[in-house]
1. Which of the residues belonging to the range 386-403 are within 19 Å of E352 (Cα to Cα) and charged (D, E, K, R)?
2. Restricting the search to the range 297-309, which residues are of a type outside the set (A, V, I, L, M) and either surrounded by 21 or more Cβ atoms within 10 Å (Cβ to Cβ) or touching a residue at least 24 places away in the same chain (Cβ under 8 Å) (or both)?
3. Pick from the range 404-416 the residues that are open to solvent by less than 80 Å² (accessible area, probe 1.4 Å) and touching a residue at least 12 places away in the same chain (Cβ under 8 Å): which of them is nearest to L357 (Cα to Cα)?
4. Considering the range 332-348 alone, what residues qualify as being surrounded by 13 or more Cβ atoms within 10 Å (Cβ to Cβ) and either more than 28 Å from V274 (Cβ to Cβ) or in the same structural domain as N405 (by the TED database) (or both)?
5. Looking only at the range 379-406, count every residue that is part of a helix (DSSP H, G or I) and within 24 Å of D339 (Cα to Cα) and tell me the total.
6. Exactly one of these conditions fails for Y376: (1) out of contact with any His (no Cβ under 6 Å at 6 or more places or on another chain); (2) open to solvent by 100 Å² or more (accessible area, probe 1.4 Å); (3) modelled with pLDDT under 90. Give me its number.
7. Which of the following residues is closer than 28 Å to G289 by Cβ and either touching a His at 6+ places or on another chain (Cβ under 8 Å) or of a type outside the set (G, A, S) (or both): Y362, Y416?
8. Do the conditions hold for A240, that is, is it modelled with pLDDT under 90, buried (at least 16 other Cβ atoms within 10 Å of the Cβ) and not in a helix (DSSP H, G or I)?
Amino acid sequence: MAIQPLAYRMRPRNLDEIVGQSHLVGKDKIIYRMVKAKQLSSMILYGPPGIGKTSIASAIAGSTKYAFRTLNAVTNNKKDMEVVAAEAKMSGTVILLLDEVHRLDKAKQDFLLPHLESGAIILVGATTSNPYIAINPAIRSRTQIFELKPLSVSDIEKTIDRALSDADRGLGEYEVELDKDAKTHFATASGGDVRSALNALELAVVSSEPTDTGKIHVTLEIAEECLQRKSLAHDKDGDAHYDVLSAFQKSVRGSDVNAALHYMGRLIEAGDLVSISRRLLVMAYEDVGLANPAACARTLSAIQTAEKVGFPEARIPLANAVIELCLSPKSNSAIMAIDAALSDIRKGVSGEVPDHLRDGHYSGAEKLGRAIDYKYPHNFENAWVNQQYLPNALKNKQYYEPKKNSKFEQAFATVYEKINQNKKGEKN
């Protein structure tokens, strides 16, 4: 039988052994209270990989002495679930950790639902995807949803210390001298993923030759080799992807150059030029817009350059665009204006197009009163004449509210205000 990885062997046997997630398993917190009161209910645990979803399920089972089984919604079939259900019928209750629960198909779901209803199976669903988006409502309504957080550096260091001292399940049989900076690297470069940190630590220990004194010396260099570079938790269809994009845009909108460069750096490391390009164009027109139209044009030029040269050079024009967008004056007047207009339309507030604006380029249009009395603006001074353009139901509506924090839109605002004053003057 193959030796199980260190992260598997070190899974908590009860709630007291769990490191981190104190907002859920700490004393008097929700999962702690459920176990203490022996009132377990099915739940969905979601968050990035390697932060304790399986550990919590295992600890719940260990703390309650219930049978614990693990299945995967993709690789295990309905027959595997039938075996778990049969065991639950025999023993009373089984805790089922179902990994990738968001991938549960209808047949497996329909089989599970009555067992969840009866309490024979306590489902602990694990997923990296936002359950409110990815999980079927029928499952969601029968479970409590808990979000797990990435473990802190101190949490992972505590787990490393425990693994090094545990001779039964961990690496206590080895005499390990772990340099402080190596330990820090395991804890920080793993990005909150304790499984990655523990398995890299085990590789470092078992692949290193003992020194003359019989000790295994793990240096920073060895730690870097064994952990390799942490791959970003960046799934283009997953929750983390949209969180990074959201933070990226909000950082640009908030004029925080350093944060914007950081989040774009994550996207660059993931090689996601498509998402960067699309989001940059959206930000240029949504958040900078009329305050600096030239920045919108330069953003498009930067994206076209990035697409032609590809990574790694693409990072240069992209960085230019991000810095300019961050430090440009901001205006959302255009998006606010069109959204206000769309809101009225979707509420049914539209009305008929005024007759003088209707198409008059067909036989019989004049008999219908179409395009009569239309005033051609170019025939008037400054190419402007007062006439009604909006339908009667909206004739006094103003959707555009100019911002005045840039010279460009200030000029628009001056023209806009003059036109509105002329309209009022002619009415009076």
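1. Matches in the range 386-403: K395, K397.
2. Within the range 297-309, R298, T299, E307 qualify.
3. Y416
4. Scanning the range 332-348 gives S333, A337, A340, A341, D344.
5. Of the residues in that region, 3 qualify.
6. So Y376 meets the others, but not (3).
7. It is Y416.
8. no
The values are calculated or read from the model by the stated rules, or taken from the named source; none is laboratory data. No experiment lies behind these values; they were computed from the predicted model shown. When we count neighbours, we look across all protein chains shown, and the Cβ atoms used for this are built from the backbone with ideal geometry, even at glycine. Note: accessible area is taken over every heavy atom of the protein model, side chains too, but ligands, DNA and RNA are not part of it. Shrake-Rupley method; radii C 1.70, N 1.55, O 1.52, S 1.80 Å.
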